[in-house]
Amino acid sequence: MKTIVIVTPVYNDWPALSRLLEELESLAAEQGLTFHVLAVNDGSSSLPVSLPAPGRGVTSLQILHLTRNLGHQRAIAIGLAWVYRMGIQAPVIVMDCDGEDRPQDIPRLLAESERCADTIIFARRTRRTEGWLFRLFYVLFKFVFRLLTGRAIAFGNFCLIPPSLLGRVVYLQEIWNHFAAGILRAGLPWTSIPAARGRRYAGASHMSLVPLVLHGLSAISVYVEIVYVRLIFFALALLGLDLAGFLVLLYIRFLTPLAIPGWATTVAVGLTLLASQAFLFLALLTFLLLSYRSARMFIPATDYQAYVLEVEQWER
């Protein structure tokens, strides 16, 4: 039987985790699989209760309790680092426990992984179930992300990581802020398959407007160096346009009869203010870029232990 490791972050979603374990048990019986589940407790205020005992399909359940709430992206990074240190040579499925990542898509991820060896397989959303406001901001996020980074992103955390690539993934500092964007930024081999988003098992989504904005900014932060360079070029272009405006001003003022009394001074003051702001913006971006490149990197594979409180083991 093929063994699969499931890494799922949990934040006060214990009823949903219980339902996920039940569905994984049924899936294991249908597909001839066994699952080792690692639930990363991301600083939940409630304790795990009434979870089904591991059975023939879900043979092992570990609950990794973190010292504080870090957000699901960092919980995923810690979970992957934990699996890597355990040394399990099996495909790793990263998924949410709330039902929006459907267990029935796991066989399709496995089939695609068989076809594309040594490749990370993402589930690309084809249908979303959120409200119109969420979808609107999601479209806006994808537009801003493409504008600032030059890359497109159309998938989330739900993916399969082959054992040959797990060691490279956990040494990416970028996944600490945003898992999917970190994979894209690192240039690791990946592909995607279409998958509809499921409906939540229980409770309401924790992804309100503020966390959604923070999630989008975290994705953009993975490309912070590229964003800084693009904004530096924008500031330089603005200075160039300002200089061109001064030249046009001087030409009209002294070489043509089109000048209106008093207008040259007003325009010159406006151009000077614009140039000073562009110059300060350029200087700020330059120092921010230099500061970022000199900062110490957080590597999940080596630094994750600082956030692990304890491990709770549930076995058959």
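In region 39-69, how many residues are free of Cβ contacts under 8 Å to residues at least 40 places away in the same chain, in a loop (DSSP other than H, G, I, E, B) and among the β-branched types (Val, Ile, Thr)?
Of the residues in region 39-69, 1 are free of Cβ contacts under 8 Å to residues at least 40 places away in the same chain, in a loop (DSSP other than H, G, I, E, B) and among the β-branched types (Val, Ile, Thr).
Among Arg102, Arg115, which is in contact (Cβ under 8 Å) with a residue 60 or more places away in the chain and either farther than 24 Å from Leu212 by Cβ or out of contact with any Lys or Arg (no Cβ under 7 Å at 6 or more places or on another chain) (or both)? Let's see the steps before the verdict.
On the way: Arg115 fails: in contact (Cβ under 8 Å) with a residue 60 or more places away in the chain.
Residue meeting the stated conditions: Arg102.
Going through region 77-106 one residue at a time, which ones are closer than 27 Å to Pro15 by Cβ and among the basic types (Lys, Arg)?
Residue satisfying the conditions is Arg102 alone.
Please work out which one of (1) within 27 Å of Lys2 (Cβ to Cβ); (2) surrounded by fewer than 18 Cβ atoms within 10 Å (Cβ to Cβ); (3) in contact (Cβ under 8 Å) with a residue 12 or more places away in the chain is the condition Leu27 fails and give its number.
Single failed check for Leu27: (2).
Are any residues in region 232-271 touching a helix residue (DSSP H, G or I) at 6+ places or on another chain (Cβ under 7 Å) and without any contact (Cβ under 8 Å) to a residue 40 or more places away in the chain, and if so, which ones?
Once the filter is applied, which keeps residues that are touching a helix residue (DSSP H, G or I) at 6+ places or on another chain (Cβ under 7 Å) and without any contact (Cβ under 8 Å) to a residue 40 or more places away in the chain, region 232-271 yields Asp242, Gly245, Phe246, Leu249, Arg253, Leu258, Ala259, Ala264, Val267, Ala268, Leu271.
Would you list the helices (runs of 4 or more DSSP H) that sit entirely within region 202-316 and hold 2 or more residues that are polar (S, T, N, Q), modelled with pLDDT under 80 and surrounded by fewer than 16 Cβ atoms within 10 Å (Cβ to Cβ)? Talk me through it step by step, then tell me what you get.
Numbers: elements: 209-221, 224-255, 263-294, 300-303.
Fully inside region 202-316 and qualifying: 263-294.
The values are calculated or read from the model by the stated rules, or taken from the named source; none is laboratory data. Predicted model only: the values in this text are computed from it and were never measured. Methodologically, a virtual Cβ is constructed for each residue, glycine included, from the backbone with ideal geometry; neighbour enumeration extends over all protein chains shown.
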